[in-house]
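The values are calculated or read from the model by the stated rules, or taken from the named source; none is laboratory data. The model shown is predicted, which means the values in this text are computed figures rather than measured ones. Here Cβ is always computed from backbone atoms with ideal geometry, including for glycine, and neighbour counts include all displayed protein chains. Remember, those area values only see protein heavy atoms, side chains included, never the ligands or the DNA or RNA. Shrake-Rupley method; radii C 1.70, N 1.55, O 1.52, S 1.80 Å.
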Amino acid sequence: MARKTLRNISEIRRFFHTNTDPVYFVSATNFNLLGLDEWVRNFKYICYMDCFDGRHPNVIVPSDMPHDEFQSIEDINNYLLQHKEVVDYVTARGGKPKFVFLMFDETTERLVKELGGELWFPKAKLRQSMDNKIETVRIGNKAGVPSVPNTLSEVHDYAHLREVCEAAGLGHDVVLQSAYGDSGHTTFFIASEADFRKHEHEIVGQGEIKIMKRIDCRGSAIEACATRQGTIVGPLMTELVGFKDLTPYRGGWCGNEIFATAFPPKTREKARELTFKFGEQLRREGYRGYFELDFLIDKKTGEIWLGELNPRITGASSMTNHAAFAHADAPLFLFHLLEFSKKPFEIDVEELNARWSDPDMIDSWSQMVIKHTDDSVDIITEAPQSGIYRMDAEGRVEFARFDYHRRAVESEEEAFFLRILKPGDYRYEGADLGILVTRGRSMTKGFELTEKSRQWIAGIKAAYHARPLPAAQVLEDPAFKIL
């Protein structure tokens, strides 16, 4: 019998509401795909951190067992997939399990196979290739999506860097990016030899480096999904970058805003057009599914430049998948699952993209990723629980009630907080304390934090208490992010 083709959003929604096979999101936390369990029957989160103290019905956190020190999010996921409690849980639920991840590697692929499951993302080898910032430039060039004026070169020393910049006409105030890594850790602003010396060991000997002309720009993010029917494009979001209240890393991502008029209409239209073109090129390269692009928007000229590609879900995915258009139609990630389900479907991508670009389909929300910004290490003794918080007229922040969904936020005087670090955890410079989600904007029109945002941040941080780390203990700052 021929498999029935899904032909509209209603049929796609029904397909997932009646899904019979278990689908698992395995990660340190469930933050990136928060709320997806309400759209997909039999969807569960397998997490290393219990952000909800056992009160989320679909979050499974196995008991801690001895393990090697984690060096990456992939290590966390591979630990979880080998944990006896997880293996027993997946086996007991039966079916044909499907797995999705924030990050994964070839070991993850093998472990999923051993569990009798399918990994619903492109192969790790392809994803790793696409995640290379140097490769992003090349793919963008093929697609007609321009990057900031740049050149690609190894860097031997500062004199050599100057020669390369002069030959490429980039000037000597430049931004360097290594092929892989988080923007807060592998992006270097070099305007002098002194700047170069600070980061020399992270630049020299690292292979080909992306060397960009420095521009005065706004950061933005947009997520999309490359499907067999074409590339489906989400809304253009602002990015919070480098705010000292939130992150100790200059250039480090620390949140997003989504609102209808985030940028002028022409800018939004152009960003969507470039994202579609990039997605179509990704399809030609053999990649399909969810991805995110960072665009840099020149403050003076309004020109849009490709920043980087994340071939996966990201820290902004929770924003995209909870926007008004997602509730009206379906979350963007549902189309990723549909693409890998092998279920036949036909949708008018052009019509869907046009509808999702309508300002009426976008409501206003903001998220701030709150890190420990002091240069100190201690052990947390008290931490605010996840749930809904309220700010009073004097700017004081207090816990209001437990919930595990941001839709429970009733006004701009309330916020949803997802706690990451709990009592007993180490608190070190750059550690993720949690994510705060509010209605409305967190930045001013001039793209600075609002006073209210600062009050929210201060209120949440004040709810953390810690004791000094014993002198005999040494803690190295993990060099990877978990969101």
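Charges only on Cβ, +1 for Lys and Arg, -1 for Asp and Glu: so what's the dipole of the stretch 223-281 about the Cα centre, in debye to the nearest 20?
That gives the stretch 223-281 a dipole magnitude of about 140 debye.
Could you work out the relative contact order of the stretch 156-215? I mean the mean sequence separation of Cα pairs under 8 Å and 6+ apart, divided by the number of residues, in percent.
42
Given +1 on the Cβ of Lys and Arg, -1 on the Cβ of Asp and Glu, and no further charges, what dipole in debye does the chain carry about its Cα centre, rounded to the nearest 20?
Magnitude of the dipole: close to 1540 debye.
Tally up the carbon and sulfur contribution to the accessible surface of the stretch 400-448 as a whole percent, 1.4 Å probe, everything protein left in place.
Reported share for carbon and sulfur atoms: 44 percent.
Enter the mean projected area of the convex hull around the alpha-carbon atoms of the stretch 268-398, in nm², rounded to one decimal.
13.5
For each pair in 142/343; 44/422; 213/481; 133/270; 371/422; 123/481, compute the distance between the two Cα atoms and list the pairs where it is over 25 Å.
Beyond 25 Å between Cα atoms: 142/343; 213/481.
I'd like the FRET efficiency for residue 360 and residue 159, computed as 1/(1 + (r/R0)^6) with the beta carbon distance as r and R0 of 41 Å, rounded to 0.05.
The calculated FRET efficiency here is 0.15.
Which residues does a label at residue 200 reach in the stretch 135-172, if reach means a backbone N under 12 Å from a point 7 Å past the Cα toward the Cβ?
Output list for this probe position: 156-160.
Hey, can you rank 41-50, 162-171 by average C-beta count inside 10 Å, highest first?
The most tightly packed comes first, giving 41-50, 162-171.
Taking 8 Å as the Cα distance limit and 6 or more residues as the minimum spacing, I'd like the relative contact order of the chain as a percentage.
15
Going 7 Å from the Cα of residue 189 toward and past its Cβ, which residues in the stretch 220-249 have a backbone nitrogen under 11 Å from where you end up?
Inside the label zone: 242-243.
Just to confirm my numbers, what's the Cα centroid distance between the stretch 197-252 and the stretch 339-385 in Å?
16
With labels modelled as points extended 7 Å from the Cα through the Cβ direction, what inter-label distance (nm, one decimal) is found for residue 55 paired with residue 92?
My value for the distance between the label points is 2.4 nm.
Report relative contact order for the stretch 7-137 in percent, whole number only (criteria: Cα-Cα under 8 Å, sequence separation at least 6).
23
Is the stretch 220-266 rounded, prolate or oblate when judged by the Cα gyration tensor, a ≥ b ≥ c being the square roots of its eigenvalues, rounded requiring a/c under 1.5 and prolate requiring a/b larger than b/c?
Oblate, because a/c is 1.5 or more while a/b does not exceed b/c.
Shape call for the chain from the C-alpha gyration tensor, a ≥ b ≥ c root eigenvalues: rounded (a/c under 1.5), prolate (a/b greater than b/c) or oblate?
Rounded, because the longest to shortest axis ratio a/c is under 1.5.
Can you list residues from other chains, or at least 5 along the same chain, whose modelled amide H is less than 5 Å from the amide H of residue 295?
220, 221, 222, 307
Need the full-extension length gain, residue 392 to residue 142, defined as separation in residues times 0.36 nm minus the C-alpha distance. One decimal, nm.
Here the segment from residue 392 to residue 142 would lengthen by 84.7 nm.
At 222 nm, what helix-only mean residue ellipticity would the chain give, in deg cm²/dmol to the nearest 500, using -39500 (n - 2.57) for each DSSP H run of four or more?
Mean residue ellipticity, 222 nm, calculated: -8500 deg cm²/dmol.
In what sequence, highest mean first, do 122-133, 198-209 appear when ranked by Cβ atoms within 10 angstrom?
Most protected by this proxy first, the peptides run 122-133, 198-209.
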